[in-house]
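See structure below.
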Amino acid sequence: MEIVFMGTACAAAGRDRDNTSLLLRSEIGSTMIDIGGNPLGKLKRLDMRTDEVARLVLTHGHIDHIYGLPSLLWGMWLDGREKPLDIYCDESDRDWVKSWIGMLGMSEWPARYEVVVRTYAWKQPSVLVSDSDTELSIFPGRHAVPTVGVKLKHQGKVAVYSSDTELNPVIKAMSRIDLLIHEATTASRPLASHSSLREIILYYDWTAVRRLALVHLTDDEPYDEVFAEVPHYIRSRMRLAQDLESELL
């Protein structure tokens with residue numbers, strides 16, 4: 001299983017970073033978690049066809065997490081896609097997602113593939129996709145709007161993506177996380193509905209978390225100053241993720 005950082009910036013984007021989104025490449029079809037800018041160009045840089053993307057998971061409805069959707073759907077049509085595409089969103093967002101898709105005029109293109117909108121209840125942990133060795137599930141986040149984090153189990157290993165969130169006790173309660181992908185919008189200053197690097201270091205159990213990749217990053221934040229305060233045995237497991245880098249699970 002390969003986890004690709006399609007973007008790693010906060011809502012304001014960055015000089016060299018696009019807004020945070022992820023791509024999970026697996027045998028059950030690839031999954032995009034949120035859709036930032038230029039999804040088609042990034043797939044090309046990864047030598048991926050658009051029909052390799054089986055599903056999209058929208059963690060919440062803030063613009064920086066969804067604005068690449070029209071471009072992606074248009075590109076799938078241009079590529080001649082015929083396979084259905086599943087889009088997962090919270091049940092409270094179903095109507096606007098379907099309305100937005102309708103406003104794109106897909107029936108007039110005409111698209112040869114079906115977009116299937118599937119919903120979850122954000123407060124209720126639930127499994128979205130599973131097979132014999134992979135399970136993709138969601139759990140509630142702590143943000144300004146209904147938001148979910150994403151948990152991936154693959155061949156006995158676990159990756160967790162926090163999405164935009166304050167420190168999350170659901171994540172803290174997990175007994176083992178091989179890779180934690182956590183937002184760190186700031187280095188140390190408090191910010192409502194988000195997390196700082198310093199808070200993350202102090203809050204989570206580093207006997208349970210094996211590796212940490214930080215996303216939703218802000219330009220000119222003094223992350224290195226906070227890292228310098230961390231004992232080496234913890235610091236060695238942490239890094240600031242970069243766009244189009246990947247991790248193996």
Roughly what would the spin-label model give for Ser126 and Trp109, points 7 Å off Cα along C-beta, in nm?
-> 2.7
Taking the simple approach of a point 7 Å from Cα along Cα-to-Cβ for both His232 and Leu46, what is their distance in nm?
-> 3.5
Go ahead and collect, in residue order, the members of the range 135-153 whose backbone nitrogen is under 18 Å from a label point 7 Å along the Cα-Cβ direction of Glu91.
-> 138-141, 146-149
Rounded to whole Å and ordered largest first, report the semi-axes of the equivalent ellipsoid of the range 2-241 derived from its Cα gyration tensor (root of 5λ).
-> 30, 19, 17
May I ask for the distance between the Cα centers of the range 94-173 and the range 1-49, given as a whole number of Å?
-> 15
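Tally Lys/Arg at +1 and Asp/Glu at -1 over every other residue whose Cβ is under 10 Å from the Cβ of Ala121; what's the total? Write down the numbers at each step before the final one.
On the way: positive: Lys123; negative: Asp90, Glu91.
In short, -1.
Going by how many other Cβ atoms sit within 10 Å of their own, how do His62, His232, His194 line up, fewest first?
Values: His62 18, His232 7, His194 22.
If I rank by nearby Cβ atoms, fewest first, I get His232, His62, His194.
Please report the net charge: other residues with Cβ closer than 15 Å to the Cβ of Phe227, K and R +1, D and E -1.
On the way: positive: Arg198, Arg211, Arg235, Arg237, Arg239; negative: Glu199, Glu221, Asp224, Glu225, Glu229.
Once positives and negatives cancel, what remains is 0.
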Spin-label model distance (nm) - Asp79 vs Ser188, 7 Å beyond Cα toward Cβ | 4.5
Where does each of Val230, Val97 land when they are ranked from fewest to most other beta-carbon atoms within 10 angstrom?
-> Val230, Val97
With contacts defined as alpha carbon pairs under 8 Å and 6 or more residues apart, what's the relative contact order of the chain in percent?
-> 18
Take a quick pass over the chain and tell me how many lysine pairs come in under 29 angstrom between Cα atoms, counting only ones 8 or more apart or on separate chains.
-> 22
Once fully extended, how much extra length lies between Arg210 and Glu27, figured as 0.36 nm per residue of separation less the alpha-carbon to alpha-carbon distance?
-> 63.4 nm
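Quick one: net charge around Glu52, please, counting Lys, Arg +1 and Asp, Glu -1 for every other residue with C-beta under 13 Å from its C-beta. Can you show the working numbers first?
Values: positive: Arg25, Lys42, Lys44, Arg49, Arg55, Arg81, Lys83; negative: Glu2, Glu27, Asp47, Asp51, Asp79.
My count for the surroundings of Glu52 gives +2.
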Using a 10 angstrom cutoff on alpha carbons, build the Gaussian network for the chain and name the most mobile of Asp133, Asp51, Asp178.
-> Asp133
For the chain, modelled as a Gaussian network with Cα springs under 10 Å, which listed residue fluctuates most, Pro140, Pro190, Pro110?
-> Pro110
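222 nm [θ] for the chain, helices only, -39500 (n - 2.57) per DSSP H run of 4+, per residue, to 500? Please report the intermediate quantities before stating the final value.
Numbers: 7 runs with 47 residues, N = 249.
So the helix-based figure for the chain works out to -4500 deg cm²/dmol.
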Mind telling me which of Arg237, Arg17, Arg55 comes out most flexible in a GNM of the chain, alpha-carbon contacts under 10 Å?
-> Arg237
Run the numbers on the range 91-197 and let me know its relative contact order in percent, using alpha-carbon pairs under 8 Å that are six or more apart.
-> 16
Rounded to 5, percent antiparallel among DSSP beta bridges of the chain | 50
For Asp224 and Gln155, compute 0.36 nm times the residue count separating them, minus their Cα-Cα distance, and round to one decimal in nm.
-> 21.4 nm
Principal-axis tilt of helix 69-78 within the chain, Cα atoms, nearest 10 degrees = 40
How big is Rg to Rh over the range 124-192, alpha-carbon atoms, Rh as the Kirkwood inverse-mean-distance radius?
-> 1.00
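A short reminder: the numbers here are calculations on the coordinates, not readings from a lab. Predicted model, so just to flag it, every value in this text is computed and none were measured. All Cβ positions, even for glycine, are placed from backbone atoms using ideal geometry, and neighbour counts span all protein chains on display.
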